[in-house]
Each structure stands twice: as structure tokens, then as C-alpha cells.
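Here is the structure we will look at, set down as C-alpha cells.
The values are calculated or read from the model by the stated rules, or taken from the named source; none is laboratory data. Values in this document were obtained by computation on a predicted structure and should not be read as measured data. Note that each Cβ is placed from the backbone with ideal geometry, even for glycine, and that neighbours are counted across all protein chains shown.
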Amino acid sequence: MSEQKKKQLNDAFYVEDEKQVLEKLQSTPNGLSTAEAEKRLKEYGHNQLDEGKKKSLFSKFLDQFKDFMIIILLAAAVLSFFMGDQVEAIMIIVVVFIMAIFGVVQEAKAEEAIEALKDMSTPNANVRRDNTTKTVRSTDLVPGDIVLLEAGDVIPADMRLIETASLKIEEAALTGESVPVEKEDVVLEKEDIGIGDRINMAYMNSNVTYGRGVGVVTGTGMNTEVGKIANMLAQADETNTPLKENLNKLGKVLSIAIIFICIVMFGVGMLRGGHNWMEMLLTSVSLAVAAIPEGLPAIVTIILALGTQKMAKRNALVRKLPAVETLGSTDIICSDKTGTLTLNQMTVEEVFTNNESIRDSKDIPLDNTTLKIMTFCNDTKISDDGTLIGDPTETALIKYGEDRGYDIASKLKEEPRLAEVPFDSDRKLMSTFHKLPDGRFFVAVKGAPDELLKRCTNYDVNGDIKPMDKSEEDLILKTNKQLATQALRVLAMAYKIVDEIPSELTSENVEADLIFSGLVGMIDPERKEAAEAVCVAKEAGIRPIMITGDHKDTAEAIAVRLGILKEGQHDAVITGGELNNMSDEQLANSIEQYSVYARVSPEHKVRIVKAWQKDGKVVAMTGDGVNDAPALKTADIGIGMGITGTEVSKGASDMVLADDNFSTIIVAVEEGRKVFSNIQKTVQYLLAANLGEVLTLFIATMLGWDTLLPVHLLWINVVTDTFPAIALGLEPAEKGIMKHKPRGRDSDFFSGGVMSSIIYQGILEAGLTLGVYMYAINNPVHSSYDAIHADALTMAYATLGLIQLIHAFNVKSVHESIFKVGAFRNKIFNYAILLSFVLLAATIVVPGFNDLFKVAHLDGHQWLAVLIGSFAILPIVEIVKWIQRKTIYK
């Protein structure tokens, strides 16, 4: 990249005047020549975003095999295959490949966001070249081109405005500010001004909503503000989700346990003698393979997939499966204000008329003059289907009238608009003339209160016209200040009646000797359900953070109304300008202090997210604009908006809200917490069962007993590790789940007493199984050794299988009693246990299966021993839980 090209990014053109800008860009007000434009096109390249590196489908597929848990499973499959257990090896391989394919399908990559950025660009632009106006492809624009803008245009490149005529540009997707910005061709003084305050600049992919303008292109392609965002997206690191970290941690714990089992089993076996080293090695490896819960990854995937379906029904569309669980561990929700916490719709909230305030909940008389002015002095167009088209501020005034039954169309027929003095950003006023039935003309004027009040000589109270005096002026100014401190956008309304329309429509001729009518306060109001959601989030230990491009006062007022801030908590609000003066270290050290960030840029949002992550927090980020995309990708979970969101923000998100509603996030958090809780229960269930199997085999082998055959272990795992485990993933949320604090980034599947529960419950399963085996040996019903051994083996097999099914009821809650959480309220779980029991019992009681599974028929006395041994785990675990609740977890 040439030095001149680098300057496109670095030059602060907004602090330079038109002459300096044109000189630096080697251009003129009449634009470039075609030859010069072609020369620059070769130097700077086309005005489009870089493609970025794309991964091949095969590379994406290989990436799925990097998880530690998957590597352990593949190793287990290889060992199983060489030990002759091809069925289990094939099952593991199939599960792993299905998961890999599913991961490729679900994974959303950054290039989708980059493509969406490119799709937003406008195809053509009107430019001055060769001293004439031409239409060229926007991709052919170069620095120095003079571009003509008018209402409805999409800005094709970054540019310094050199001419403006009532120009307004909507920059919400880039800055997050809900109201179009009034642009002026002025010189700004400070160099550290945020994008939202650069009123003499226009940025690529923003929209002209009003007026006209002319700008000189200062940056194209990747050297635009949007290009910076695309570059940040391409460079942003994919954050490892808590779920992936937990599965990796689980894989490492299992690998250590497996190696330990192999070493101990092999060592003790060789010390006891009676076996050669090859036999003991194979026995040790087979026992280690039995310790691996090969169904866990598939079950986790199923639980997550079912979670996504439930969330979709509640307007939360998950794009990446691990995002379901990540939500449950969220400590911080950084939320964009506009459209998420607010309606993204300017709304009239208060009208001051006839010296009294009328809130939006009250009716206003239809003959009210202020109501008439706000609807008459208005450029809003009403389409055939009733849609309001125009500036958001003006459409809000029309909507206010419509909602109160004011028939605007009929009123304008009776008093048609015949002339106007358009809005001008210098005088900040607009006036329209309407013919009255008596032949005179009603002049409706609206504008900035301070400017309009200067031109009012009288005021109107219920039709009584009185001379403007000091007390009335003080009342108006006081009311204006009160409205402004509530972060309301305030417009003043005035009028007069004249006999004729002046031949020369100037501000001096029209906007003088006015009658003050009223003030109108507007705001993009908070969503009613958002305040309740903020309260629920706080109860759940989640801290809501507001990040917006709006002004500091507006952001603070909305935050107070939502409950994010307390009244007067000014030190919890910080601006982008103030952030610029802080190092990353300073921000990280003071991050806990701030709850509201105003006038921020995309870089600020990424810094905020990273600072919270550095503080050890799991961060969710919401957003709908192009400016939100880098932070959405950097956050632990990015949440895009489905209605107002740009394709860029959706492409960078892990989850999309179909209703753009903050309260939906809280619903999703609850589902996420439930998903993690259910996965944790499944891990506890599977590992306790596998530990029980390993200890049963280990102890029996050390004692020289023959308790279980490989086919028994395989069938128990197929029957008990599948249906009950999946059914546990469908358990309803436990009561009070949203009253708990977030579990934190450092927690894992073994936290909260799960590890100790796995250990003692696995030991208990093995002890009860071996106890039944010893009972069968010591209380035989046959005389021959083979028959006694067959009965004992069958009873141990039945007990180990059934005990796991009974234990599934215990793990419905880690600490709560089964009688409190509801033993049978999950119908799918009940059916799963019943099906598993039938499949297990069939191998013993159905003729023909006995020989296949090498088991014997049991009589009633033996079945009673099996049932007592199996069900004993239920009251024992209940007693342990009760002791834990009274001591450790009280």
C-alpha cells in the first residue's frame, strides 16, 4: 500500500477546510478527469471490501477433530477395533463423524459477514468528472472524486462534505444513533471527535434521508470506516465457548484417569501372577475403554439441538450450537440501546400546550393548535397502505396525531398547504402556509425551542392570545429544560395568521411576530418488557451494560428508566472520547465502575468486551448495526437482531433475536442455564455409571472373580447410556434457576459437588453390584459350580444395569431431593427408563437371548435380591443429599 493510500485512513479531514481537503486529495470542486480517475483506480484499487481468506469445506471438516474429547474417542475406537470389539469401534466412529458434519453445517464464519458488508454497497454513484455530471459504478470511485448526494441515496464511500442543503444522513448501522444526523459543511476543531459527531463527514453504507449534498471522496474500499470494521472482523479471534472448554477439560480428566487405570490394573495383575503380560495389557486396555462415555458427545449435541428448538419457539434463533450453553454462563450482557432496549421508533412522550403538560397516556383535544402545527408543518408522506415515510422525528409527530384520531388528510383538504420555507440547519426552523376557509393563511412553524422563542411576541392559552412576558418565557424555558433533562428531543411549535403569502419567502418575512403554541418532547422509548428483563437479569446475577452511539444524557436517561442505573449515578456513564484517553490496562482496572457507554465507535465496543473477558467474565454482546459486528464476534456469544439487524451483524452472531427484544435474551439465558444443568446431570450419570463398571471389573479381577463379560458391558452401555441420558437432557428447569448467580468462566461439569457425587455414587454402584454377586455365591440355589457362577454373573449383570436406571432418578438434581424436583414429571424420561428396563430384562427372561448373552434364568428369590440391591442406591443417595444440604450447601 502506498504512503498516500495509507493517509486515507489516518487523515482527519473533518478538521480541515474545503481548500485544504481538495489540495491534499489533489482534486477540484469540478472533480477529476476520466484519465486521472483511471490512474487512481490502478493505484488505490476498486472501491470494494477484500474477500478475506476462506477455508475449504475439507479444512472446516478437519477443524471439528481438534477437540480433546474427540481425540480420546478416536483413540478408544482404534483400541476397541484391535481388541476385536468392532461393533463398539464402529459406533464411536459413526458418532464422531456425525458430530463433525453437524459442526460444519452449524458453524457460521466471518466471511458471511464480509459478504454481507459488500452486499450493502450501492451499485452506482453520481460524480463530477470532466466538468460534467456522470453516473459511474460505485466500485470505480477513487479518492478525490466529487460525489452528488440526494435523499434516498446510499453513501458509496467515505467523504468530506463540501456542500449541504438541509442534508440529513441516517448512520444508525454505523454509529448506533437512532436519529438521522444533520450534516453541515463546516470545519470541526477537535481531532478526537467520534464518528457520530463528525457532522461534515459522510460514511460508506449510511443513508441520505433528507436534503442534498456534495462530498469529496476521502477513503474507498478497505480504507473506509466500514472497511475498518471488515478488517476487524477478519482479524477477530473466535472465542472458545465455555462448553468447548468444559468438554476439553473433561477429556483431559478422562485421559489421566484412563492412563492411571491402565497402569494400576497392569501393575497389580502382574504382581498377583497367573497372567502373562499380554493378557494383562489387553485386560487393562479393555477396562480403560469401558471408562470412556462414548455416547457423551452425541448426547451433548442432541441436548443442544433440542435446546435450539425450544429457543426458536421463543424467538431466539441459534446459529451455533455451543451458544445455547454459553448463554447459561453469561455474567455480562452488553446491549446496544437502539432497537434492543428501545423500540427504535421516535415517539412523542409529552406535549406542553396551554401552559400545561400532557403525557402520552392522556388524550389531547383534537382542536388543539399545537397538534395542528405538528401535523401541518411536516413533510411526512403517507403511503397507500398507511406506512409513514420520512424523517423519524416528523413521522413521530404524524403518528401521535393518528393514534389520537386526528384525521390529517381531511384537515389538509380543508386547509391545503400552498407554500413553505424548508428546514435549514442554520436557523433550525421550518414553516408552511395553509389556506383557511375565510381566505387568510395559517402559518405553521416548528423548530428548535431557543431559536423559535426569539421570534415569538405572543403566546396562546386555549385560544386566548397574550403578549409574551418574562414569566411566560421563564415557564417555557423551565419546561424545555425539564424535558431535555429527561433526554427528550424537544421541538417548539408556533403560528400566526396572515392575509397573504409574501412574494419573497424568507425567514425574516415569514418567521417573525409568531404566537407560541407549545413544546413537544420525543424519545426513542424503552421497551416496556425490557425494564422487567433487566430486573430479572440482575436477580440472576447478570450485569446489563448499555453501549450506544447516542449522546451521554440520552443514554443515561434511558438507563435510569430501564433500571440499569440509579438516579444520579453519573459516574457510571462514560463516553467514547473518554475511553480514548484510557489505556487497555486502565480500562480493565476500572471496568467494574461503568454500566453505560455513550458515543462509542466499533473499536470501543471490542475493547469493552475484551476488558470484561480479561476480568474473567463470560460476555454476551447484542447489536444490529455494522458497527456492532466486530464486538459480536469477539464476545463469548454474539446476539444479532432479526428485524432491524444488518446482514453483517447477523453473520457475525452466534444467535439472532427474531423479535429484537432484550427480554428474549433473558428467556434464552434461562434455557441456557437449564441446558448446562442437564448436560451436567448427564455427565454425572454417565461417569458414575462408567466408574461403577470400571470398579466392579477392577475389584473383581483383583480378587480373581469372573463377574461380567464384554457383551454385558456393551449391552448395559447401549441400554443405559443412551435413552435415560438423552431423557435427562429434557428435564425441565429446576425452580429458582434464575435466582442463582452465574457459575463463572472457571466452573466446569465437575463444579458444584458433581465430582464428589460421581466418585461416591460410582463406588456405591460397584459396591452394591459386588454385594449382590457375593450374595449369589454364598446363597446358591444350585449345587454345581458352573450353575452357581452363571446365577451370580446374571445377578451382577442385572444389578449393574438396573442400578444405573434407578440412579438416573437420583441425578435429576445434584443436591435437591427427588421428591422435591418431581420423580415422574418428565414423561419422556419415564418412557426412556421403562424402555431401557425392558431391553435389559429381555436378555435374561426372553428364551434364546440367554445363550446369546451367556446368562441364566433367575427365580423370584434371586430377582428380589437384584431389586433390593438396585433400589438401595435411591435411599442412600437421598440420605447423602440431605446431609449435604444441612451442612455443605445450606
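General observations
- Lone qualifier among D474, D450 - being within 26 Å of K399 (Cβ to Cβ), surrounded by fewer than 22 Cβ atoms within 10 Å (Cβ to Cβ) and free of Cβ contacts under 8 Å to residues at least 40 places away in the same chain: D450
- Residue within region 393-411 that is under 22 Å from R455 (Cα atoms) and of a type in the set (V, I, T) present: no
- Residue match in region 676-697 (condition: within 12 Å of the chain's Cα centre (by Cα), outside any loop (DSSP other than H, G, I, E, B) and buried (at least 23 other Cβ atoms within 10 Å of the Cβ)): no
- For region 852-864, taking the residues that are out of contact with any Leu (no Cβ under 9 Å at 6 or more places or on another chain) and within 21 Å of P780 (Cα to Cα), the one that is surrounded by the most Cβ atoms within 10 Å (Cβ to Cβ) is identified as Q862.
- Any hit, region 39-46, residues being out of contact with any Asp or Glu (no Cβ under 8 Å at 6 or more places or on another chain), in a loop (DSSP other than H, G, I, E, B) and among the charged types (D, E, K, R): no
- Only one of I199, I169, I193, I114 that is buried (at least 17 other Cβ atoms within 10 Å of the Cβ), of a type in the set (V, I, T) and either on the phi > 0 side of the Ramachandran plot or modelled with pLDDT of 90 or more (or both): I199
- Of the helices (runs of 4 or more DSSP H) entirely within region 454-545, those holding at least 2 residues that are acidic (D, E) and over 30 Å from M738 (Cα atoms) occupy 470-485.
- Within region 190-227, tally of residues that are among the aliphatic types (A, V, I, L, M) and outside any strand (DSSP E or B): 6
- Residue among F750, F819, F837 that is touching a residue at least 60 places away in the same chain (Cβ under 8 Å), among the aromatic types (F, W, Y) and either in a helix (DSSP H, G or I) or crowded, with 16+ Cβ neighbours inside 10 Å (or both): F750
- In region 402-422, the residues that are without any contact (Cβ under 8 Å) to a residue 24 or more places away in the chain and under 15 Å from V443 (Cα atoms) form Cβ pairs under 8 Å with partners that are surrounded by fewer than 14 Cβ atoms within 10 Å (Cβ to Cβ) and not charged (D, E, K, R), at six or more places apart or across chains, as follows: E414/P437.
- From the list T375, T369, T338, the one residue that fits, being polar (S, T, N, Q) and closer than 22 Å to K478 by Cα, is T369.
The rows are residues; the columns are (1) of a type outside the set (K, R); (2) at pLDDT 75 or above; (3) touching a His at 6+ places or on another chain (Cβ under 6 Å); (4) assigned by TED's automatic domain parsing to the domain that holds A202.
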| residue | (1), (2), (3), (4) |
| --- | --- |
| G219 | yes, yes, no, yes |
| K228 | no, yes, no, yes |
| S255 | yes, no, no, no |
| G267 | yes, yes, no, no |
| I302 | yes, yes, no, no |
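- Residue check, L412 at negative phi and either touching a Ser or Thr at 6+ places or on another chain (Cβ under 8 Å) or at pLDDT 95 or above (or both): no
- Residue check, L800 out of contact with any helix residue (DSSP H, G or I) (no Cβ under 7 Å at 6 or more places or on another chain), buried (at least 18 other Cβ atoms within 10 Å of the Cβ) and in a helix (DSSP H, G or I): no
- Count - residues of region 698-730 that are surrounded by fewer than 20 Cβ atoms within 10 Å (Cβ to Cβ), under 46 Å from the mean Cα position of the chain (by Cα) and outside any helix (DSSP H, G or I): 2
- Considering region 573-635, the qualifying helices (runs of 4 or more DSSP H), each wholly inside and each with 2 or more residues that are in contact (Cβ under 8 Å) with a residue 60 or more places away in the chain and of a type outside the set (S, T, Y), run over 576-580, 602-614, 629-634.
- Restricting region 144-185 to residues that are of a type in the set (K, R) and out of contact with any Pro (no Cβ under 7 Å at 6 or more places or on another chain), the residue that is farthest from E225 (Cα to Cα) is K183.
- Some residue of region 317-331 being at pLDDT 80 or above, of a type outside the set (G, A, S) and surrounded by fewer than 24 Cβ atoms within 10 Å (Cβ to Cβ): yes
- If you filter region 435-452 down to residues that are in a loop (DSSP other than H, G, I, E, B) and small (G, A, S), you find that the one that is farthest from L491 (Cα to Cα) is G439.
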